[in-house]
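Below is one structure, written out as structure tokens; comments come after it.
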Amino acid sequence: MPATPMRALMKPIRRFAHRYPAIGPLVWIFGISQYFWAQWYVANAWLTPFNLQLNTISDLGSTSCGVRNAVYVCSPLHAVMNWSLILIGPALGIGSVLIYANLKPNRIAKVSFVLLAVSGLCTSIIGYIPEDVAPVSHMLIASSLLIIYTVGVGLMYFDRLLPWWFRRLSLEIASLSLVALLLLAVRLPTLLGPGGLERLSDYSLDLWIYVFGVWMLMRHSSRLQRQREASSASAKLKA
């Protein structure tokens, strides 16, 4: 898309984001919160014990019962999990656009926001195609989204406008996720098991999203507080 139409498209989005700066972070926080709630709720509905080491997150969305990868899978509330995955797409996408519009990221950070939005889209897609419906497509998209998600978080390290502690956290979480993905790819036996390694990668990235959202809300709150104090001081001087 040419630069001029893109700028024209971003103008109303920037105005909205500056007028309601809390919406982007809240959308991110909502998306991650409902995702974790759905996993807990759906796993508790299993008639057989859900094993965090052996069962993957995708097992919660399986629409049929059977043995997969030597593990029995039967998720009665699979629809709840799949709808939760579908909701992640708009949550990460809308949140990324609004937070991007509220900040002044450099070029690398812009790429990061695009990758975060793309990872959300991929998550929505795997909600539409559960592991037992299209196993190969589901696996390829799920693997790709974790890689895209990891790179997106890691690139935030290069945004010098962010606090140093958060840039360092971005790099550390991306590194942790990458190590978990590599161990999962080479099928190296670990105490965490395949399910645990997948969660280590995914949950660490989700935690980053949550922390970013909370930090943005605190930043907005601090700005409002400073504005109130400035207004109060100005009113006292006039009096």
>> Considering only the stretch 144-160, I want to know if a residue exists there that is of a type outside the set (S, T, N, Q) and assigned to a loop (DSSP other than H, G, I, E, B).
In response: yes
>> Please go through (1) surrounded by 17 or more Cβ atoms within 10 Å (Cβ to Cβ); (2) of a type in the set (S, T, N, Q); (3) part of a loop (DSSP other than H, G, I, E, B) for S64 and return the number of the only condition it doesn't satisfy.
In response: (1)
> Which residues, counting only those in the stretch 121-141, are out of contact with any strand residue (DSSP E or B) (no Cβ under 9 Å at 6 or more places or on another chain) and touching a residue at least 60 places away in the same chain (Cβ under 8 Å)?
Replying inline: I126, G127, P130, V133, H138
> So which of V133, V118 ends up being hydrophobic (A, V, I, L, M, F, W, C), at negative phi and assigned to a helix (DSSP H, G or I)?
Replying inline: V118
> Among Y35, Y100, which is at pLDDT below 90, in a helix (DSSP H, G or I) and either surrounded by 15 or more Cβ atoms within 10 Å (Cβ to Cβ) or among the aromatic types (F, W, Y) (or both)?
Replying inline: Y100
> Out of the residues in the stretch 119-140 that are among the β-branched types (V, I, T) and touching a Ser or Thr at 6+ places or on another chain (Cβ under 9 Å), which is surrounded by the most Cβ atoms within 10 Å (Cβ to Cβ)?
Replying inline: I126
> Of N51, N44, N55, which residue is farther than 27 Å from L103 by Cα, over 18 Å from the mean Cα position of the chain (by Cα), exposed (fewer than 12 other Cβ atoms within 10 Å of the Cβ) and not small (G, A, S)?
Replying inline: N44
> Within the stretch 44-60, which residues are farther than 23 Å from L183 by Cβ and not polar (S, T, N, Q)?
Replying inline: A45, W46, L47, P49
>> Cβ contacts < 9 Å: first residue farther than 11 Å from C74 by Cβ and assigned to a helix (DSSP H, G or I), restricted to the stretch 38-59; second residue among the aromatic types (F, W, Y) and modelled with pLDDT of 95 or more, any location; separation 6+ or different chain. Result?
In response: A38/W83
>> Out of everything in the stretch 180-216 that is among the β-branched types (V, I, T) and under 24 Å from L85 (Cα atoms), what residue ends up being surrounded by the fewest Cβ atoms within 10 Å (Cβ to Cβ)?
In response: V214
> In the stretch 192-239, what residues are among the charged types (D, E, K, R), modelled with pLDDT under 90 and over 28 Å from L161 (Cα atoms)?
Replying inline: K236, K238
> Is it the case that the stretch 105-115 has a residue that's crowded, with 17+ Cβ neighbours inside 10 Å and in contact with a Phe, Trp or Tyr (Cβ under 6 Å, 6 or more places away or on another chain)?
Replying inline: yes
>> I need the full set of residues from the stretch 64-102 which are hydroxyl-bearing (S, T, Y) and under 27 Å from F50 (Cβ atoms), in order please.
In response: S64, Y72, S75, S84
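The values are calculated or read from the model by the stated rules, or taken from the named source; none is laboratory data. From a predicted model like this one, the values you see are computed outputs, not experimental measurements. With ideal geometry, Cβ positions are generated from the backbone for all residues, glycine too; neighbour counts draw on all protein chains shown.
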